[in-house]
1. Taking Cα pairs under 8 Å and at least six residues apart, what relative contact order does the chain come out at, in percent?
2. Check which residues have an amide H placed less than 5 Å from Ala82's amide H, if you skip close sequence neighbours.
3. Residue-wise, which Karplus ³J(HN,Hα) couplings in Hz belong to region 20-26, taking 6.51 cos²θ - 1.76 cosθ + 1.60, θ = phi - 60°, and x for glycine or proline?
4. Write out the GluC sites (Glu not before Pro) in region 113-156 meeting two conditions: DSSP loop, and at most 16 other Cβ atoms within 10 Å of their Cβ.
5. Stretched out fully, how many nm does the piece from Arg108 to Lys246 gain, at 0.36 nm a residue minus the Cα gap?
6. On a C-alpha basis, how far is the centre of region 135-208 from the centre of region 46-108 in Å? Whole number, if you could?
7. Over 19 Å between Cα atoms, which of Lys182/Lys203; Lys129/Lys153; Lys203/Lys242; Lys76/Lys246; Lys76/Lys121; Lys65/Lys242 qualify?
8. Please enumerate, by chain and number, the aspartates and glutamates with C-alpha under 18 Å from the C-alpha of Lys66, excluding those fewer than 8 residues away in the same chain.
Amino acid sequence: MIKINSDNKILELKKNRVIMAGPCAIESYEQLLETANFVKENGANVLRAGAYKPRTSPKSFQGLKKEGIEILKEVKKQTNMAVITELIDINDLESVYEVSDIIQVGSRNMQNFSLLRELGKQDKPVMLKRGLCATISEWIGASEYIALEGNNKIIMCERGIRTYNDYTRNTLDLSCVPIIKKETNYPIIVDPSHGTGVRYLVKPMSLAAFACGADGIMVEVHPNPDEALSDGMQSLYFEEFKDLMKSINN
Ligand code: PEP
Ligand code: MN
């Protein structure tokens, strides 16, 4: 059972199955509210949505930033969902902290040690995504930077690593799930959306994640993936999310 303690509210997430779902990026109030309502109705217990987006190209959509955080606040109020969103820059800590139940450290910042140390001083759970090319030891080492400052509410997240395989965006390393369980006391979430980059692989890899002991999954869902401003190729259509949840609960 994972307990997330935030704002004096303890969420006891059922059946050891944490479902974090939502769009890659916040694009508008309507888009986020529609997605949040849908994923909640279908069993998600945490809303994921990025306001600050770490994109490979500076010309790609960088997120709505502060405006995105305001939208997230409003949608959180409307839906009463727990929220996870990414912090990229320590200067944005205050606003990200305020809206988040879990603060996300993205893959590209896994070894941003000053960011990790600062998050180690906070009292909210931090989800540490595995670096793009990080070994398991480097990833665990990064978690120690957070723990060393006093914050033990760490959630590990496997999101795929770069290998010579170019059929998928990344190679999802599910063997790390039992390894993290053996080496740490932290819960582990698997993100098959970034882990594969391919929509039809999200369901089988989600089921595989639970089969090997993951505490939860993080998946991207969009009302219209073909028009998404980021990661449309790996985002589930609403009906696919519904189908995934049915399979998980069977
Ligand atoms: C995300 O989850 O929004 C994201 C950017 O993922 P990653 O850091 O794993 O690339
Ligand atoms: Mn994404």
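Where a number appears in this text, it was derived from the coordinates with a stated rule and is not lab data. Values in this document were obtained by computation on a predicted structure and should not be read as measured data. Here Cβ is always computed from backbone atoms with ideal geometry, including for glycine, and neighbour counts include all displayed protein chains.
1. This gives 18 percent for the chain.
2. Hits under the 5 Å cutoff: Leu47.
3. Going residue by residue, I get 9, 9, x, x, 4, 10, 6 Hz, with x marking Gly and Pro.
4. Those satisfying the criteria are Glu149.
5. Value of the extension gain: 46.4 nm.
6. Each part's Cα centre sits 20 Å from the other's.
7. Over 19 Å apart, Cα to Cα: Lys182/Lys203; Lys76/Lys246; Lys76/Lys121; Lys65/Lys242.
8. Leaving aside aspartates and glutamates fewer than 8 places away in the same chain, those within reach of Lys66 are Glu27, Glu30, Glu74, Glu86, Asp89, Asp92, Glu94, Glu98, Asp101.
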